[in-house]
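The values are calculated or read from the model by the stated rules, or taken from the named source; none is laboratory data. This one's a predicted model, so the numbers in the text were calculated from it and none came from an experiment. Glycine gets a Cβ as well: all are built from the backbone with ideal geometry, and neighbour counts include every protein chain shown. Ligands, DNA and RNA are excluded from the accessible area calculation, which covers all protein heavy atoms including side chains. Shrake-Rupley method; radii C 1.70, N 1.55, O 1.52, S 1.80 Å.
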Amino acid sequence: MTSGTITDGPALRDPHTPDSRIGHGADYLHAEHTLRSWFFTTDHKRIALLYLASITAFFVIGAVTAGLVRLALVVPDGQVFTNDTYNKLFTIHGVVMVWFFLIPSIPATFGNFLIPLMIGARDLAFPKLNLASWYVFMTGALFTLASVVLGGVDTGWTFYTPLSTAFSNTWVVPALIGVTIVGFSSILTGLNFVVTIHTMRAPGMTWFRLPIFVWTHYATSLIFLLATPVITVALILLIAERAFHIGVFDPAYGGDPVLFQHLFWFYSHPAVYIMVLPGMGVISEIVPAFAQKKLFGYKFVAYAAIGLASVTFFVWGHHMFVNGQSDFASVAFSVLSFAVAVPSAVKVYNWTATIHKGSLKLDTPMLYAMGYIGLFVLGGLTGLYLATLAINQHVHATYFVVAHFHYIMVGGTVLAFLGGLHFWWPKITGRMYIEAWGRISAFLIFIGFNVTFFPQFILGYLGMPRRYHVYPPEFQFLNILSSAGSTILAVGYLFPMVYLVYSIWFGKRAPANPWDAKGLEWTVPSPPPAHNFLTEPVAPKVPYDYPLQARETGRQHS
Amino acid sequence: MNPTDLALQLWPAAASATAVETDWLILAFTVLTLLLTVPVFVAITWFAIRYRQGEEADRSHGNVRSVLIEISWMLIPFLLTLIFFVWGARLFFISKQVPGDAMVVEAIGRQWMWKFQHPTGQSEINDLHLPIGQPIKIRMISQDVIHNLYLPALRMQMATLPDRYTELWFKADRTGSYRLYCSEYCGTDHSKMDGTLTLMTQADYAAWLQNAGAQQGGQAGAGRVVYESYGCGACHDPGAKVRAPSLAGLYGREVRLADGRTVTADETYLRDKILNPNRQKLAADYKQVMPAFRNVIPPDDLDRLVSYLKSTGATAQQEAQP
Ligand code: HEM
Ligand SMILES: [Cu+2]
């Protein structure tokens, strides 16, 4: 046994065969150097980095296509691209951002990296399955990228039939296969997390001592497991219909196109919480650390994660208020949507109360967290507008929806992702980034984001439909404003890509716990050893074990 | 006439009482939103300054009883927002109860145009003229993919589905011209599937029906609409880019085919040519580029289309034989 002091308790079952080549205490980055040791690793931390690299690449593709879409919309008459090209651009943007960035983002990177560390385990329950899920993910991505290289898809990321099955002349099938395959990767990840959280907690790590990050990933995994099979089946039926004219959705073959919308949103609304819950988890780690205070209402936040994950299965119909659904169903979906939206939105009260009487450090992760709170609240509450039947009849499928889901998805996922990236960067890489650059990036992104998307609420209420390449001239001013904002936003995104990468080689070495944060992941060296713990981890008596009287001294780099 | 000449519009025009009430609903909702969020934003900023590390501040925080606070701050906003659920649902229900005396307009969505047919038989493409002060029900269907008829000035929209009728109704009370759109993404020219909604007084509407733009009823008139909607003119009209024979005056004439035969362009020939253009029916000197419209043009539209082609034949023949 290389990491000598570890005793084999029941919660520390080692899924690896101990590898004698790994020296005592070698950190996971330097334990082995070959390419093979990365692509065939079963270390959850290395797999997390494989994911981090992949989803960063997809984010870049998504961002570039978004930039092109915004470029096209500077003029109202669609002179920049043909309609066809424009449609392909927004489709690729949506497909890549939703299926290949947002859904895997936080769980596959931070979830993979941190869950075992946070619960005091040496790895996930099924390390090989974990590696397999990355390969499955990349296989799916390959299919979807193939469809782009071959000529693109123009169905929108929602693939509504019969447009996608009978009328589109683009590369729909490879794109669909890609998305279907990626679903399996989610299922494998979810399964791995659930089993790990159930069976591999260190002695003393009871459910109510788990960090909220773990709770939210547990809830997210349940959605992965229960909802993903539905979209898998729906997409397979879609492929079958397009390829073999099996009549499921297309009325020309006796099918029902609204059935596809039901199946699609039965997955895709809960998927919203796949994106949002992990973000809440990240924020619930950052805020206490930078306020040096226990998370306010810990148990409520934990219960809320599970509660929201359950209720979110009952609101899919709010995407179909104007699609010929029964009025009774619409009313039911409307009120249920209120029941999910309000608790999500008011979670911010918990973070606010956590800050109260804390001892605040306004470093980059905290700035991202504060930006997150602002955007997420606006996104959540505009979701309520959409869930209000009479308002939905007007703003459905307009730019109001585009603004809403960007506030939720960028606010709720991307800002949390970036906040988490800065927060755990020292742990992951063993290096500090340059704080000033981090703060600038947080400001640029917050400002750029609002200039980009706030005008879209107005555009939507004025009646500009989404997915419009050519639009009436009275909408031009707001569109130019939005495109200008997206330029600022793009610069904001570029910043971290530069200074974080720079820090890998030139950054200051990071101490084990640069933020004075609580949680088992901060008790191990940065970067962590290959087997996570050199000594048996001891679970804290309470989660977020910050002193009752918040510390007033300055930050100590020990 | 353009619906608006403003370079920058900040509030959409409202043409019905429902639209005005929807605006009130969203305004009131926004006020509540601000009440629920502004204090949080102010508090966060204030705390961030007040409790900044190194600042003097009272940081004693005992064991606050959080259960009561937690429940109340979830429940009170929920109950407050429920007011808006009820208000929105009420308006929605009203917009679903079609009055018995509503005038019925038929709408067909198809890639990428709207076709509207007035109760008196006239029809129009993309634009829609309607009277105010009269409940109007639009009964609609799609001929291909899902579309969505969106009338922002009335704060209304409804999907058109293939093979299934849907409807929406409204009673407008302000004349003027407004935009109408397709708001469900429907393929290449989705963003061009728009038009103008012109709301007029009852008298103006009646006069408009009599003389103005709308295609008069009758098979041939309706057939012209079909001809346009399938884009036949793109190849067959004079000056079209693709070289194809002109159809004006075709009916009744002799046509020389590519395989050397000669046939009379009778009704059977026209139908056959539309449905299977290339099955040994290629006209001499032309390339085989016309798409087959079998299973594309429904039978009743085909009747109208053939009637239209016959009518152009008749006029052309009359002109040709003095
Ligand atoms: C929490 C994270 C959320 C995300 C990521 C999200 C994302 C989205 C997306 C992508 C759409 C666009 C659907 C389309 O393509 O038409 C959408 C629409 C919608 N969202 Fe959200 N949403 C979130 C939260 C909420 C909440 C909390 C509510 C309110 C209860 C809500 C209500 C709606 C409604 C009603 C629509 C349909 C709008 C329409 O089509 O007219 N969403 N959302
Ligand atoms: Cu359409």
> Among the residues of segment A:79-115, how many are open to solvent by 10 Å² or more (accessible area, probe 1.4 Å), within 16 Å of ligand 2 (Cβ to nearest atom) and of a type outside the set (Phe, Trp, Tyr)?
Replying inline: 2
> So which residues in segment A:314-330 are within 13 Å of ligand 1 (Cβ to nearest atom) and either touching a residue at least 40 places away in the same chain (Cβ under 8 Å) or among the charged types (D, E, K, R) (or both)?
Replying inline: A:315, A:316, A:317, A:318, A:319, A:320, A:321, A:322, A:323, A:325, A:330
> Can we say residue A:321 is hydrophobic (A, V, I, L, M, F, W, C), more than 21 Å from residue A:106 (Cβ to Cβ) and not in a helix (DSSP H, G or I)?
Replying inline: yes
>> Looking only at segment A:454-467, count every residue that is facing another protein chain (nearest Cβ under 7 Å) and either touching a Ser or Thr at 6+ places or on another chain (Cβ under 8 Å) or among the β-branched types (Val, Ile, Thr) (or both) and tell me the total.
In response: 5
> When the residues of segment B:187-211 are filtered to those that are part of a strand (DSSP E or B), buried (at least 19 other Cβ atoms within 10 Å of the Cβ) and of a type in the set (A, V, I, L, M), which remaining residue is nearest to ligand 2 (Cβ to nearest atom)?
Replying inline: B:197
> Can you pull out the residues in segment A:473-486 that are touching a residue at least 60 places away in the same chain (Cβ under 8 Å) and more than 14 Å from chain B (Cβ to nearest Cβ)?
Replying inline: A:483, A:486
>> Return the residues of segment B:153-186 that are within 7 Å of another protein chain (Cβ to nearest Cβ), touching a helix residue (DSSP H, G or I) at 6+ places or on another chain (Cβ under 7 Å) and either crowded, with 24+ Cβ neighbours inside 10 Å or part of a strand (DSSP E or B) (or both); say none if nothing qualifies.
In response: B:155, B:156, B:157, B:161, B:162, B:179, B:186
>> Quick test of your reading of the structure: residue A:470 fulfils all but one of (1) assigned to a helix (DSSP H, G or I); (2) open to solvent by 10 Å² or more (accessible area, probe 1.4 Å); (3) within 13 Å of chain B (Cβ to nearest Cβ). Name the failing condition by number.
In response: (1)
> If you go through segment A:396-412 one residue at a time, do you hit one that is crowded, with 24+ Cβ neighbours inside 10 Å and away from ligand 1 (no atom under 16 Å from the Cβ)?
Replying inline: no
>> With the requirement that a residue be more than 9 Å from every other protein chain (Cβ to nearest Cβ) and aliphatic (A, V, I, L, M), what does segment A:302-341 give you?
In response: A:302, A:305, A:306, A:308, A:309, A:311, A:315, A:329, A:332, A:336, A:340
> Could you count how many residues in segment A:375-392 are in a helix (DSSP H, G or I) and open to solvent by less than 10 Å² (accessible area, probe 1.4 Å)?
Replying inline: 10
